[in-house]
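Visitor: This is the structure, below, for whatever I ask next.
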Amino acid sequence: MAENHDDHTFETAESGASLTFPMQCSALRKNGHVCIKGRPCKIIEMTTSKTGKHGHAKVHLIGTDIFTSRKYEELCPSTHNMDVPNVVRMEYALLNIDDGFLSLMLPDGTTKDDVKLPEGELGEKLEEEFDDGKELLISVVSAMGEEHCLSFKDAPK
């Protein structure tokens, strides 16, 4: 009946690290990160209201999405847990810009071709400086399964 119970199929090969971790509202700090409405945000303002007659202290969070810069607000009791995204910032050498995607060199020498060229002024500047023949270091921020190029600088000579 249960002869093939040892046959497992795993579709993904992730490290098993969670995209977020819980943290009590009162432990969050300004300039820290938090998930508001399912988006990874940087806390830009945080106020705590006093407890009511029978209530809990409330924490009012205002954060900007770290990828889109959209503003989000959240009000939650200070004793509740909120999700904090695991934000990782990595720097890569830019090899090429191909069809709206950046071709980046990883520290081990392999390439990474799935980061989009940023839109707007940042993307235009990046493309312009790359076309001028400059060697650039790209700063890629990843959180909650999303990756975006948020800044770049000249590679050290």
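Visitor: Looking at region 42-86, what strands (runs of 3 or more DSSP E) fall wholly within it and have at least 2 residues that are without any contact (Cβ under 8 Å) to a residue 40 or more places away in the chain and either open to solvent by 40 Å² or more (accessible area, probe 1.4 Å) or under 27 Å from HIS148 (Cβ atoms) (or both)?
Guide: 58-65, 71-77
Each row is one residue, and each column tells you yes or no for (1) within 30 Å of GLN24 (Cβ to Cβ); (2) under 22 Å from the mean Cα position of the chain (by Cα).
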{"site": "VAL88", "(1), (2)": "yes, yes"}
{"site": "LEU95", "(1), (2)": "no, no"}
{"site": "ASP99", "(1), (2)": "no, no"}
{"site": "LEU102", "(1), (2)": "no, yes"}
{"site": "PRO107", "(1), (2)": "no, yes"}
{"site": "VAL115", "(1), (2)": "no, yes"}
{"site": "GLU121", "(1), (2)": "no, yes"}
{"site": "LEU126", "(1), (2)": "no, yes"}
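Visitor: Further question on the same structure: What are the residues in region 97-110 that are at pLDDT 90 or above and either of a type in the set (Ser, Thr, Tyr) or exposed (fewer than 14 other Cβ atoms within 10 Å of the Cβ) (or both), if any?
Guide: Answer for region 97-110, where residues must be at pLDDT 90 or above and either of a type in the set (Ser, Thr, Tyr) or exposed (fewer than 14 other Cβ atoms within 10 Å of the Cβ) (or both): just SER103.
Visitor: A follow-up question, please. Looking at region 142-149, is at least one residue of a type in the set (S, T, N, Q), closer than 27 Å to THR20 by Cβ, touching a residue at least 12 places away in the same chain (Cβ under 8 Å) and out of contact with any Cys (no Cβ under 9 Å at 6 or more places or on another chain)?
Guide: yes
Visitor: Looking only at region 114-138, which residues are open to solvent by 90 Å² or more (accessible area, probe 1.4 Å) and either out of contact with any strand residue (DSSP E or B) (no Cβ under 9 Å at 6 or more places or on another chain) or not in a loop (DSSP other than H, G, I, E, B) (or both)?
Guide: If the condition is that a residue be open to solvent by 90 Å² or more (accessible area, probe 1.4 Å) and either out of contact with any strand residue (DSSP E or B) (no Cβ under 9 Å at 6 or more places or on another chain) or not in a loop (DSSP other than H, G, I, E, B) (or both), then ASP114, LYS116, GLU119, GLU121, GLU124, LYS125, GLU128, ASP131, ASP132 are the ones that fit.
Visitor: Still on this structure, I have one more. In the list VAL88, VAL115, which residue meets the criterion of being aliphatic (A, V, I, L, M) and in contact with a Ser or Thr (Cβ under 6 Å, 6 or more places away or on another chain)?
Guide: From the options VAL88, VAL115, the qualifying one is VAL88.
Visitor: Right, another one. Looking only at region 102-121, count every residue that is of a type outside the set (Ser, Thr, Tyr), over 17 Å from ALA155 (Cβ atoms) and out of contact with any His (no Cβ under 8 Å at 6 or more places or on another chain) and tell me the total.
Guide: Summing the residues that are of a type outside the set (Ser, Thr, Tyr), over 17 Å from ALA155 (Cβ atoms) and out of contact with any His (no Cβ under 8 Å at 6 or more places or on another chain) in region 102-121 gives 7.
The values are calculated or read from the model by the stated rules, or taken from the named source; none is laboratory data. Because the structure is predicted, anything quoted here is derived from the model rather than measured. Positions of Cβ are generated from backbone atoms using ideal geometry, with glycine treated the same way; all protein chains shown enter the neighbour counts. Surface accessibility is based on the protein's heavy atoms, side chains included, excluding ligands, DNA and RNA. Shrake-Rupley method; radii C 1.70, N 1.55, O 1.52, S 1.80 Å.
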